[in-house]
Structure formats: structure tokens, C-alpha cells
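I have placed the structure first, in the form of C-alpha cells, so that the comments after it can refer back to it.
The values are calculated or read from the model by the stated rules, or taken from the named source; none is laboratory data. Not measured: the values here are computed from a predicted model. Every residue, glycine as well, gets a Cβ built from its backbone with ideal geometry; the counts of neighbours run over all protein chains shown. Only protein heavy atoms, including side chains, enter the accessible area calculation; ligands, DNA and RNA are left aside. Shrake-Rupley method; radii C 1.70, N 1.55, O 1.52, S 1.80 Å.
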Amino acid sequence: MDIFLTLLSLLDSTVRLATPLLLAALAGFYSERAGVVDIGLEGKMLVAAFAAAATAAIHGSAWLGLGAGILASVILALLHGFACITHKGNQVVSGVALNIVALGLTAVLGNAWFEMGGRTPNLPADARFGEIILPLAEALRGVPLLGPLYFELISGHNILVYLALAIVPLTWWIAYRTRFGLRLRAVGENPAAVDTAGISVTRLRYQAVLIAGLLCGIAGAYLSTAQGAGFQANMTAGKGFLALAALILGKWKPVPTLFACLLFAFADALQTRLQGVALPGIGEVPVQLIEALPYLLTVLLLAGFVGKAIPPKASGRPYVKDR
């Protein structure tokens, strides 16, 4: 039973850690399916985390923080779109520039506004997204197997976790069952054909970039007002790039991307629990090696162990209309 509860605790941490990865990966899904490479997921998450924490600290409202985080992320998304879609700039360079700007801007503003070395004040419980106990969770807690599974793993998450999980089937339905999704996928494969059909490539790509900004805003707000209790400098710590890796591992499909995010999050949760633990026949593994586990797993998987991942054909290519 102790092993079962330990496993449930590990899976519970996996779901929580997968949430920002999943939201950012789905943001990349919309953007890259429309033909816009989004290296700037990391930067958008970072500014959203700072804006959400700063707003929540000042106004005492997690919902206002969420709105501020989304707004900050959407502004960066529009800048990325302006550079890459309107002015046909290099999408990778634009994304890297956004990451650099976000890293420096959040540290400078955090230090100037709060004078805490780039951090924001710790958020009280009412300025964060709290856990939601689902119906009958307490009553069923004592039921063998199913009770702890429902109480520990399914119940007890905050609303942004459930929202992220709900966005996966919604994204699948939008991408594969709606006219907008068909056009979105078409513009990422053959924008010239979409343009010939009388549909604006620019408008579709801007719509995709805005959706990416919205989802990155939620991901960043989750980091600082749900998973954490405030903002710390560079608190995303490469999660935007892990989200891109999960998107590639999932071959630009929503459901496989979900499982890729869960896999990376499981490795992250596992490394947290292995720190300081002596393994049989091995002894205590160095902390640095354990902390590198999620990233080593990413490299191994993307090195070709999961088959060839083929991106949308027009991904990364600015569309220039023939005259």
C-alpha cells in the first residue's frame, strides 16, 4: 500500500509539472501548424509569470494576475507576428530575441518595482489558484484503490490544471473537425493554395500566433500563481524549450503531445524524489546528474528513438505572395 501511495504521489506531481509544458506545447501546436516557428514560448511564459505574480501581489487577485499574464504574453506574440508575418523576418531569430528581452526585462522590472533581487513578494493563499476538491473525494477516500486514486490523483488540482487537460480534446476538435482547423493546417502546409482560395494567410497566421500567446499566458500565470507563490528570475528554466521538444516528440499532434509532456514531467518529478536517495547497488547519485535527467531524456528521444518527426512543410518560411 505504501508503494501504491508513493506512486500516486509521483503521478500527482507529474500532472502538476506537466501543466505548463502542455499549455506551452499546445501554444506551439497552433503557431507551428500555421507555419510560424515559435522559439519564443519560453519568453512569453516568463513575462506572463512575472506579470501575473506582480499583479496578484499588488491587487491580491489570482484572476487579475491571470489576465495580466495573458495580456503580457499576447503583446509579445504580436511582436513576434509583426516581425515574422508582416515583415517576413527570420522566425527563429525573432523568437530568440523575445527570449532574451523577456529574461532581462522581468529581472529589471522586478528589481525596480519590488527591490527583492528580481523577485516578487510571496503571494498569500487568496492571491493564488487553490486546490479544488471534487465531489465525493473525501467520502470515497477510504475505498481501497479507487478512493486514493480519485482523491490523490484526480481531485485536488487547481482550475488551471483541469483547464489545460480540457484544452487537449478541444484543440483536437478545432484542428481536425472545424473549418478554422482545416485552414490552419493548410496554411502550414501550402500557404499559396490557401491564398489562391481567397483566404488571408496573414490573418490566419496572426490568429494562430494570438492563440499561442493566450496559452503561453496561462502557462506562465500557472507557474507563479498556482504551482508557485510568486515570481523568481528565470523561473521558467527551459520549460518553453521542453514544450517544443514535447511538440516535436508528439509529431505536432495534440494527444501524442500530451503524453510527451507527461513523460517529461514524470522524469522531472522522479528526479526530485531521487535527490539524496541511495539506490540499491549504485549508492547516492550526484544531484547534478539527477537534475539533468529530464533534459537527457529529451535528447535521447529526439535523437531518433521515436521515429522521424516531420514538421509542417511551410513551417519557418515567411509567405511572399506571387505577383
Only listed residue being exposed (fewer than 15 other Cβ atoms within 10 Å of the Cβ), part of a helix (DSSP H, G or I) and within 22 Å of the chain's Cα centre (by Cα), chosen from Gly81, Gly104
Gly104
Would you mind finding the one in Ala229, Ala197 that is small (Gly, Ala, Ser) and open to solvent by 70 Å² or more (accessible area, probe 1.4 Å)?
Ala197
Check whether at least one residue in region 38-48 is in a helix (DSSP H, G or I) and more than 12 Å from the chain's Cα centre (by Cα), and report yes or no.
yes
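Which of the residues belonging to region 63-74 are open to solvent by 10 Å² or more (accessible area, probe 1.4 Å) and either closer than 19 Å to Ala34 by Cα or outside any helix (DSSP H, G or I) (or both)?
Residues of region 63-74 open to solvent by 10 Å² or more (accessible area, probe 1.4 Å): 63-64, 66-68, 70-72, 74.
Hit for region 63-74 is Val74, nothing else.
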Here is a list: Ala292, Ala269, Ala278. Which entry is at pLDDT 80 or above and either buried (at least 19 other Cβ atoms within 10 Å of the Cβ) or farther than 26 Å from Val168 by Cα (or both)?
Ala269
Please work out which residue is most open to solvent (accessible area, probe 1.4 Å), limiting yourself to region 1-49 and to residues that are in contact with a helix residue (DSSP H, G or I) (Cβ under 9 Å, 6 or more places away or on another chain) and among the β-branched types (Val, Ile, Thr).
Thr6
